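Chemist: Could you have a look at this structure, given as structure tokens, before my questions?
The values are calculated or read from the model by the stated rules, or taken from the named source; none is laboratory data. Remember, predicted model here, so these are calculated numbers, not experimental data. Neighbour counts run over all protein chains shown; Cβ positions are idealised from the backbone, glycine included. The area values use the complete protein model at the heavy-atom level, side chains included, leaving out ligands, DNA and RNA. Shrake-Rupley method; radii C 1.70, N 1.55, O 1.52, S 1.80 Å.
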Amino acid sequence: MYNKVILMGRITHDLELRTTPSGANVCTFSIAVDRRFQNKGEERKSDFFNIVAWRQQADFVCRYFSKGRMILVEGELQTRSYTDKNGANVRVTEIIADRLSFTGEKAQGGSYSDSYGAPAPSAPPQYSAAPAPAPAAAPVSDFSAAESDDDYPF
């Protein structure tokens, strides 16, 4: 069996970090993912997905992300059912996050973020190492012309 979901979208509301009675952190949020195609003259449609992150992933997402930020989510699709306070059966589909990543979008300060959340350098690093020597040219006599196109393997 295989159950893998990869989504990239924007966080739609403030993150909710809770702690279970056993002490595990859990963060729930949803993301909006634009559909690839849109009908001419219509506004682009989005799909909304509920995400659940546990333990270190929950701490990570609450520390570095907020409403409106782009996020990449990898995880498993899971459904569960419960009875609400009105006695109705409710079925919920969620993505249980295995991995949460930055997408490289510009942060609010105007700089890009790397995969660890630190701002990217504003200028490329300067290296002082000497350039590598150019490779020596092979003598022309080592190669011979093919007699026909049938001699080539492609």
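For every residue, the table says whether it meets (1) open to solvent by 90 Å² or more (accessible area, probe 1.4 Å); (2) part of a strand (DSSP E or B); (3) not charged (D, E, K, R).
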residue	(1), (2), (3)
Tyr2	yes, no, yes
Met8	yes, yes, yes
Phe29	no, yes, yes
Phe48	yes, yes, yes
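Chemist: Mind checking which residues of segment 10-27 are part of a loop (DSSP other than H, G, I, E, B), open to solvent by 70 Å² or more (accessible area, probe 1.4 Å) and without any contact (Cβ under 8 Å) to a residue 12 or more places away in the chain?
Modeler: Pro21, Ser22
Chemist: Now a separate question. What are the residues in segment 50-65 that are touching a strand residue (DSSP E or B) at 6+ places or on another chain (Cβ under 9 Å) and outside any strand (DSSP E or B), if any?
Modeler: Residues satisfying the conditions are Arg55, Gln56, Gln57, Ala58, Asp59, Phe60, Val61, Cys62, Tyr64, Phe65.
Chemist: From Leu72, Leu77, Leu100, which residue is among the aliphatic types (A, V, I, L, M), open to solvent by 50 Å² or more (accessible area, probe 1.4 Å) and either at pLDDT below 95 or in contact with a strand residue (DSSP E or B) (Cβ under 6 Å, 6 or more places away or on another chain) (or both)?
Modeler: That would be Leu77, the only listed residue that is among the aliphatic types (A, V, I, L, M), open to solvent by 50 Å² or more (accessible area, probe 1.4 Å) and either at pLDDT below 95 or in contact with a strand residue (DSSP E or B) (Cβ under 6 Å, 6 or more places away or on another chain) (or both).
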